[in-house]
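The values are calculated or read from the model by the stated rules, or taken from the named source; none is laboratory data. Quantities reported herein were computed from a predicted structural model and do not represent experimental measurements. Neighbour counts are summed over all protein chains in view; Cβ atoms, including those assigned to glycine, are modelled from backbone coordinates with ideal geometry.
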Amino acid sequence: MPETSALRIPPDGRIVVLTGAGISAESGVPTFRGADGLWEGHRVEDVATPEAFARQPELVQRFYNERRRKLLAGDIQPNAAHAALAELDANWPGEFLLVTQNIDDLHERAGSRRLLHMHGELLKARCSDCGAVHRWQDDLTAEAVCSGCQAGGRLRPHVVWFGEVPIGLEESFAALASADLFLAIGTSGNVYPAAGFVDVVRQAGRGRAIEMNLEATVAAGWFDEQRIGPATQTVPALVAELLAEI
Ligand code: BV8
């Protein structure tokens, strides 16, 4: 039986990581449930829905155009937590999957490879007519044309809105059911099905679940352990513990 780590994770162990808005907070990306948790006076659930897009497409496009411009402006950079997860991805000999709820590209820019954006990506657009997904760095407007089917004004952000089915659930659930270690980093545990991931690990009865946050969340009772503090401190420390044992 290979030596296990202080975290009791064997070097061939399977690791699943879930990140939320909190891992990007120290990079300057605002979280959803921050001070007032509102965007321009709107609840995210009211602007990030297909109904809102049908009702007020300009408002919703503006919501995403502003976030896309900020992400591309240059002062938002990956932080030490993104870098530590990329190092773990590159050096962990066992199976590894990073599922992020975030639509920014900070995990990619830090070097993460085994990565799944369950709520989509801010720097991609999807054609409502032909379904094609395009990398997209400009504002999305009513005049934007799909390079696949040439339809005009049919491009929407390639993100999962409330009421829509997240991406890659089958792969995520399979990885969670066989995980030896599950880390939930910077997520409030408010949004499902991501908030239910820890329960998949518990039901499987095999993996250790650790919550890493500034504070204990509503889901704290479902985790084996809390690591309280800023992600830029707690994540590098935990990755160092894991890599020291292999
Ligand atoms: C689904 C993309 C069915 C867009 C997002 C009624 C009608 C319809 C659906 C529902 C309903 N009631 C409930 C639902 C389900 C709904 C839901 O959960 N609603 C909530 C509000 C109750 N979910 C859905 O609709 C999902 N789809 O259910 O489909 C289905 C499901 C399965 C199978 C078949 C069918 C789709 C949800 C996806 C919505 N899209 N994002 C966009 O980004 O604009 S969600 C969006 O909000 C984010 O992506 C993120 O996931 C979520 C915010 O959550 P967090 O990431 O946790 O961020 P938050 O700000 O809340 O917390 C930050 C945390 O970080 C805090 O705890 C803080 O303490 C911590 N932190 C801060 N700084 C730091 C830190 N930690 C460490 N270090 C720091 N420095």
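Miscellaneous remarks
- Listing of helices (runs of 4 or more DSSP H) fully contained in the range 99-218 that carry 2 or more residues being modelled with pLDDT of 95 or more, within 15 Å of the ligand (Cβ to nearest atom) and closer than 23 Å to Ala83 by Cβ: 106-110
- Flag if Val60 is crowded, with 19+ Cβ neighbours inside 10 Å and either touching a His at 6+ places or on another chain (Cβ under 9 Å) or at pLDDT below 95 (or both): yes
- Filtered residues of the range 68-85 (kept if part of a helix (DSSP H, G or I) and surrounded by 13 or more Cβ atoms within 10 Å (Cβ to Cβ)): Arg68, Lys70, Leu71, Leu72, Ala80, Ala81, His82, Ala83, Ala84, Leu85
- Members of the range 73-91 found to be more than 16 Å from the ligand (Cβ to nearest atom) and out of contact with any Pro (no Cβ under 9 Å at 6 or more places or on another chain), listed by number: Ala73, Gly74, Asp75, Leu88, Asp89, Ala90, Asn91
- Of all residues in the range 179-214 being without any contact (Cβ under 8 Å) to a residue 24 or more places away in the chain and closer than 22 Å to Val44 by Cα, the one that is nearest to the chain's Cα centre (by Cα): Tyr192
- Residue identified as within 13 Å of the ligand (Cβ to nearest atom) and more than 25 Å from Ser128 (Cα to Cα) among Gly41, Gly22, Gly94: Gly22
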